[in-house]
Amino acid sequence: MEFTVVGAGAIGGVLGAYLARAGHDVTLCDKDEDHVEAVNENGLRIEGDQETFTVLVPAVTPDELVAREHPLRTVLLCVKSQDTRRALQPLLHLCDERTQVVSCQNGLCEDIIAELVGRERTIGCFVNFSADYLGPGRILYAGVSSFVLGELDGPITQRLQDIQSALSAWGPVEITDNIWGYLWGKLSYAALLFATAMTNATMAEVVRSLPHRQALVELTAEVLDVAARQDITPMGFDDWEPVLVHPRMSRDDEALAEQWERLAVRMAASKKPRSGVWRDLAVRKRHTEVDFQLVPVTVLGEQFGLELPLTRYVIDNIHDLERGGELGWDRLDGLKARYEALYGRHEQPLT
């Protein structure tokens, strides 16, 4: 198959490397000129515990891709959610009836892509593996995790099966008739990751903090409230089980505590003990994806009369951190205080 990977960083670089190594026609596209130059000169190096390899694959900048005037076939869009429109808009004249765009991103970018290229050319995607851009031509990869493809309206189609077959070069890709369930399941998990990023502690340390657990559980439940109002059934993945959080009346504290400990164990074993959100704030000093992940949740929540106070607290704190505020446990203490003011103090923390 012919693939154009737009955004050849952590996720796109890994997928593009495995596809190219398997013999597929792959072009990488990235706005980082140093990265493009390094890949063209020395190949793309994937570094991980399971294997380390270098693959020769052509790389271009967005301007160079446009100048080629070659119609796009299967596009793996792997840019940050806030860059979706900016990355795709210049390529629209390269899209024809055979073009299909797969959103390998966080958030609900499928809606933006469908607005630009048409719903019939848009393929939903849930991806949750750990990787990081180390520098020009180098990607750190922690290994196979979850990857799910789905049509926006649910049917299992031949094109899904074709992409699934090609991406088997990377690992076990699944197909679903409920891609929105996976996307909303990940949004609830994303709320937790944004909360962990408000401090310098590791993700596992925050998840294991019993004094903050009730507030963190309710934070994720707020996101799941919005999914429920849309009749979406959120899906679990990689030791994250939304069904144990929501609906609240069926919550089993013991089962939930066991699941959070499994999640903490997974997080502690990762080569990336802190989230990409934390890295954006603490290392790269750049804006996070909060405005394209949690903010849209609150906008939808308003339409259903949901206030989502804990979600808004996290958004406000992430914005403050983007402006240069200091990371610290006091921000999680504030989340806990907001929860207790709204819902009352829980007598027995989830243990």
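The values are calculated or read from the model by the stated rules, or taken from the named source; none is laboratory data. This one's a predicted model, so the numbers in the text were calculated from it and none came from an experiment. Counting neighbours? That spans all protein chains shown, and the Cβs are built from the backbone with ideal geometry, glycine included.
Annotations for the structure displayed:
- Condition met for Val243 (touching a residue at least 60 places away in the same chain (Cβ under 8 Å), within 29 Å of Ala337 (Cα to Cα) and touching a helix residue (DSSP H, G or I) at 6+ places or on another chain (Cβ under 9 Å)): no
Listed here are the residues, each with its yes/no results for (1) of a type in the set (Val, Ile, Thr); (2) out of contact with any helix residue (DSSP H, G or I) (no Cβ under 6 Å at 6 or more places or on another chain).
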position: Ala282; (1), (2): no, yes
position: Phe292; (1), (2): no, no
position: Pro296; (1), (2): no, yes
position: Val299; (1), (2): yes, yes
position: Val314; (1), (2): yes, no
position: Asp333; (1), (2): no, yes
position: Tyr339; (1), (2): no, no
position: Tyr343; (1), (2): no, yes
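- Scanning the stretch 142-155 for residues that are surrounded by 14 or more Cβ atoms within 10 Å (Cβ to Cβ), within 22 Å of Thr99 (Cα to Cα) and over 13 Å from the mean Cα position of the chain (by Cα) yields a count of 4.
- Of all positions in the stretch 115-123, none carries a residue that is touching a residue at least 60 places away in the same chain (Cβ under 8 Å) and either loosely packed, with under 14 Cβ neighbours inside 10 Å or under 29 Å from Lys272 (Cα atoms) (or both).
- Test result for Met235, surrounded by 20 or more Cβ atoms within 10 Å (Cβ to Cβ), assigned to a loop (DSSP other than H, G, I, E, B), within 21 Å of the chain's Cα centre (by Cα) and touching a residue at least 40 places away in the same chain (Cβ under 8 Å): yes
- Condition met for Ala215 (in a helix (DSSP H, G or I) and either within 30 Å of Gly154 (Cβ to Cβ) or of a type in the set (D, E, K, R) (or both)): no
- Being touching a Gly at 6+ places or on another chain (Cβ under 8 Å) and either under 21 Å from Trp329 (Cβ atoms) or crowded, with 22+ Cβ neighbours inside 10 Å (or both) is a property that holds for Leu183.
- Of all residues in the stretch 281-308 being of a type outside the set (Lys, Arg) and free of Cβ contacts under 8 Å to residues at least 40 places away in the same chain, the one that is farthest from Cys109 (Cα to Cα): Val283
- When the helices (runs of 4 or more DSSP H) confined to the stretch 259-351 are screened for residues that are polar (S, T, N, Q) and at pLDDT 95 or above, those reaching at least 3 such residues are found at 290-303.
- Complete set of residues in the stretch 187-199 that are assigned to a loop (DSSP other than H, G, I, E, B) and closer than 15 Å to Met267 by Cβ: Ala197, Thr199
- Looking at Asp253, Asp280, Asp238, just one residue is assigned by TED's automatic domain parsing to the domain that holds Arg208 and on the phi > 0 side of the Ramachandran plot, and that residue is Asp238.
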